[in-house]
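**Student:** A single structure is presented below for examination.
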Amino acid sequence: MTRTLRFLLGDQLSRSIASLDGLDPTLDVVVMAEVGEEATYVPHHKKKIAFLFSAMRHFADELRGEGIAVDYAAFAEAGGPSSLTEALRRAVERHRPERIVVTEPGEWRVLQVMRDWSELFGCPVEIREDRRFLCSTEAFARWAEGRKDLRMEFFYREMRRRTGYLMRGRDPEGGAWNFDKENRKALPASLDAPPRPSFAPDETTRLVLALVARDFAEHFGDLEPFDYPVTRADALKALDWFVENALPLYGDYQDAMRQGEPLLFHSNLSALINCGLLLPAECCRRAEDAFHAGHAPLNAVEGFIRQIVGWREYVRGIYWLKMPDYAAENALGADRPLPAFFWTAETDMNCLRKAIGETKANAYAHHIQRLMVIGNFCLLAGLDPRAVQEWYLLVYHDAYEWVEMPNVVGMILFADGGLLASKPYAASGAYIDRMSDYCNGCRYDVKQRVGPDACPFNPLYWDFLARHRKRFAGNRRMAMMIATLDRMDPAQLAAMRATADAFLTALR
Ligand SMILES: Cc1cc2nc3c(=O)[nH]c(=O)nc-3n(C[C@H](O)[C@H](O)[C@H](O)COP(=O)(O)OP(=O)(O)OC[C@H]3O[C@@H](n4cnc5c(N)ncnc54)[C@H](O)[C@@H]3O)c2cc1C
Ligand code: SF4
């Protein structure tokens, strides 16, 4: 007799997840399933599917190693469970449990489905809080209630106080909450990024790679080489490596970009944290310990912890606070389809060619590539927010709707009208030139603003400001840019807008 079915989703691969609390190996069964609908509702990057299927299979083996019964449905095009509900229905028929226990999912869509399960299966379904997050959705809603301004910085300070990270009593370590001003250095040519460890595929991963190559051949991206950690033990090695080797310079060069160096000093831990192989709290604790041991400076450690207890928790809070309407936000009325080069990386704009090319190869691009190169282009060119959301959701190995959507809708597209960002992250080519070496290898001239050789970011930037002048005129943080726009020679502005128009018209 099975007492409790414990249904684990593919991004819930943590031994301490709430749905495994109180598990009795003699009576309970853990259910896991590689579900067709989840792998294909958007055509996820091949590496992302391989990573998740392999991590799920390894996690199931680890549970079995503890003597826990795992009912695991491997992906099968014909005959496999087509949806989470179908996978659970089959397990309920097999095991006839007294109750079902799950942990709340990361997507609004899945929560709606879960809420129907009790009635559907005639069996109590307990949905437990996902305690891996440091701020529950209820606590975030309480924080947001009655506030006019939901800026991340205020939330972050409260999270620092609540968690105690980098605190000296009631005060922040170093006398300031945020050392971002120190974290915008350009990368010196003489400085190399540290070589990364590689995690060779084992037999389980090789089987998954063969499955993905066969059944997901049409999906975006390169499947091999695949060298990503897929077990808890290897994830911990990746965290150790980051803290030892990259964290000390993480802050200084957080915004830098270099051709052929997709990772620089970034952690590449997001996919491991989001699927549960690492816990956000342990990543912050390791970084904080490195600071106290004198191994990493405050600007690096504060910057890293802010990304996790600040941005990561904050975007999740915004997602659950604003769904389901948030998905359809389009404050700037953008409606241009994605150009074909988002899928092929074939464009003369070197920064986009490199950032999208690396995305295709690795299912990864670091934050500044996502924000200030690809995201900046989406904003300035007025690309349709739904199409941009879908692209970001399917191309990155760490992408789940709760984290992708606020970053796209709020951070890059300003489609929520300024709920998340106090001003749009819009920049001309000069920013990309300052923070990278992309412009050296580009057919466009970053100094020119008009004509066929002008860096497209320049005319697009001024065209964007002119297009939305009325909306941004009242925004104090935009005052300098609007004043510059207003002082501009009308003939010069008209020439730039004509260049932008010609570029956008030719965009396919
Ligand atoms: C348009 C856009 C889409 C994004 N989509 C995703 C996504 O689908 N999934 C995802 O995990 N991150 C997303 N991010 C946030 C961020 O770019 C990635 O978390 C980061 O690039 C992952 O690489 P890393 O682990 O090397 O990060 P690091 O630079 O090493 O940062 C450390 C950790 O902080 C967290 N983090 C940093 N910035 C953010 C942020 N803005 N929001 C949430 N967490 C953050 C991540 O867990 C990350 O691992 C997006 C950002 C933008 C601008
Ligand atoms: S010149 Fe413009 S398009 Fe080319 S790499 Fe520089 S910023 Fe990108």
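**Student:** Please work out if residue 387 is away from ligand 2 (no atom under 11 Å from the Cβ), of a type in the set (A, V, I, L, M, F, W, C) and buried (at least 19 other Cβ atoms within 10 Å of the Cβ).
**Tutor:** So residue 387 does not fit the description; no.
**Student:** Then there's this: Out of (1) closer than 25 Å to residue 343 by Cβ; (2) buried (at least 17 other Cβ atoms within 10 Å of the Cβ), what's the single condition that is false for residue 425?
**Tutor:** (2) is the only condition that residue 425 fails.
**Student:** Mind checking whether some residue in the stretch 411-419 is within 9 Å of ligand 1 (Cβ to nearest atom), acidic (Asp, Glu) and modelled with pLDDT of 95 or more?
**Tutor:** Within the stretch 411-419 (the criterion being within 9 Å of ligand 1 (Cβ to nearest atom), acidic (Asp, Glu) and modelled with pLDDT of 95 or more), the answer is no, since none of the residues qualifies.
**Student:** Go through 365, 421, 399 for me and flag whichever is within 16 Å of ligand 2 (Cβ to nearest atom) and outside any helix (DSSP H, G or I).
**Tutor:** 365
**Student:** Could you say which residue among 310, 333 is farther than 25 Å from residue 231 by Cβ, of a type in the set (Gly, Ala, Ser) and under 21 Å from the mean Cα position of the chain (by Cα)?
**Tutor:** The match here is 310.
**Student:** Separate question: Would you mind stating whether residue 311 is in a helix (DSSP H, G or I), more than 16 Å from ligand 2 (Cβ to nearest atom), modelled with pLDDT of 95 or more and surrounded by 18 or more Cβ atoms within 10 Å (Cβ to Cβ)?
**Tutor:** For residue 311, the condition - in a helix (DSSP H, G or I), more than 16 Å from ligand 2 (Cβ to nearest atom), modelled with pLDDT of 95 or more and surrounded by 18 or more Cβ atoms within 10 Å (Cβ to Cβ) - is met.
**Student:** Listed residues 438, 431; which is touching a residue at least 60 places away in the same chain (Cβ under 8 Å) and touching a helix residue (DSSP H, G or I) at 6+ places or on another chain (Cβ under 9 Å)?
**Tutor:** 438
**Student:** Right, something else. Check the stretch 13-28 and report whether any residue there is more than 28 Å from the chain's Cα centre (by Cα) and of a type in the set (Val, Ile, Thr).
**Tutor:** yes
**Student:** Go over the candidates 229, 225, 280, 248 one by one and state the one that is farther than 23 Å from residue 298 by Cβ, open to solvent by less than 40 Å² (accessible area, probe 1.4 Å) and either over 18 Å from the mean Cα position of the chain (by Cα) or touching a residue at least 40 places away in the same chain (Cβ under 8 Å) (or both).
**Tutor:** 229
**Student:** What pairs come out if I take residues in the stretch 400-419 that are without any contact (Cβ under 8 Å) to a residue 12 or more places away in the chain and pair them with residues that are small (Gly, Ala, Ser) and away from ligand 2 (no atom under 16 Å from the Cβ) whose C-beta lies under 7 Å away, six or more apart or interchain?
**Tutor:** Correct list of pairs: empty, since none qualify.
Rundown of residues vs (1) polar (S, T, N, Q); (2) touching an Asp or Glu at 6+ places or on another chain (Cβ under 9 Å), yes/no style:
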site: 132; (1), (2): no, no
site: 167; (1), (2): no, yes
site: 193; (1), (2): no, yes
site: 205; (1), (2): yes, no
site: 220; (1), (2): no, no
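**Student:** Does the stretch 334-385 hold any residues that are among the charged types (D, E, K, R), within 14 Å of ligand 1 (Cβ to nearest atom) and over 24 Å from residue 462 (Cα atoms), and which are they?
**Tutor:** Selection gives 358 alone.
**Student:** Let me ask something additional. Report yes if some residue within the stretch 452-466 is touching a residue at least 60 places away in the same chain (Cβ under 8 Å), among the hydroxyl-bearing types (Ser, Thr, Tyr) and part of a helix (DSSP H, G or I); otherwise report no.
**Tutor:** Yes; the residues of the stretch 452-466 include at least one that is touching a residue at least 60 places away in the same chain (Cβ under 8 Å), among the hydroxyl-bearing types (Ser, Thr, Tyr) and part of a helix (DSSP H, G or I).
**Student:** Within the stretch 472-493, is there a residue that is in a helix (DSSP H, G or I) and within 16 Å of ligand 2 (Cβ to nearest atom)?
**Tutor:** Among the residues of the stretch 472-493, not one is in a helix (DSSP H, G or I) and within 16 Å of ligand 2 (Cβ to nearest atom), which makes the answer no.
**Student:** Next up: Among the candidates 466, 506, 473, single out the residue that is farther than 30 Å from residue 325 by Cα, over 21 Å from the mean Cα position of the chain (by Cα) and hydrophobic (A, V, I, L, M, F, W, C).
**Tutor:** After ruling out the rest, the residue left standing is 506.
**Student:** Okay, next question. Run down 189, 193 and say which single residue is of a type outside the set (Phe, Trp, Tyr) and open to solvent by 60 Å² or more (accessible area, probe 1.4 Å).
**Tutor:** Selected residue: 189, the only one of 189, 193 that is of a type outside the set (Phe, Trp, Tyr) and open to solvent by 60 Å² or more (accessible area, probe 1.4 Å).
**Student:** Right, next: Mind checking which residues of the stretch 1-41 are open to solvent by 10 Å² or more (accessible area, probe 1.4 Å), touching a residue at least 24 places away in the same chain (Cβ under 8 Å) and in a loop (DSSP other than H, G, I, E, B)?
**Tutor:** Those that are open to solvent by 10 Å² or more (accessible area, probe 1.4 Å), touching a residue at least 24 places away in the same chain (Cβ under 8 Å) and in a loop (DSSP other than H, G, I, E, B): 1, 2, 3, 9, 10, 11, 15, 16, 21, 23, 25, 27.
**Student:** How many of the residues making up the stretch 322-359 are in contact with a Pro (Cβ under 6 Å, 6 or more places away or on another chain) and surrounded by fewer than 19 Cβ atoms within 10 Å (Cβ to Cβ)?
**Tutor:** 1
**Student:** Restricting attention to the stretch 436-448, and to residues there that are farther than 26 Å from residue 497 by Cβ and at pLDDT 95 or above, which single residue is farthest from ligand 2 (Cβ to nearest atom)?
**Tutor:** Out of the qualifying residues, it is 437.
**Student:** Let me ask something else about it. Do we have residue 508 as open to solvent by 80 Å² or more (accessible area, probe 1.4 Å), out of contact with any Lys or Arg (no Cβ under 9 Å at 6 or more places or on another chain) and within 23 Å of residue 352 (Cβ to Cβ) here?
**Tutor:** Yes: the conditions hold for residue 508.
The values are calculated or read from the model by the stated rules, or taken from the named source; none is laboratory data. Because the structure is predicted, anything quoted here is derived from the model rather than measured. Every residue, glycine as well, gets a Cβ built from its backbone with ideal geometry; the counts of neighbours run over all protein chains shown. Heads up: the accessible areas ignore ligands, DNA and RNA and are worked out on the full protein's heavy atoms, side chains in. Shrake-Rupley method; radii C 1.70, N 1.55, O 1.52, S 1.80 Å.
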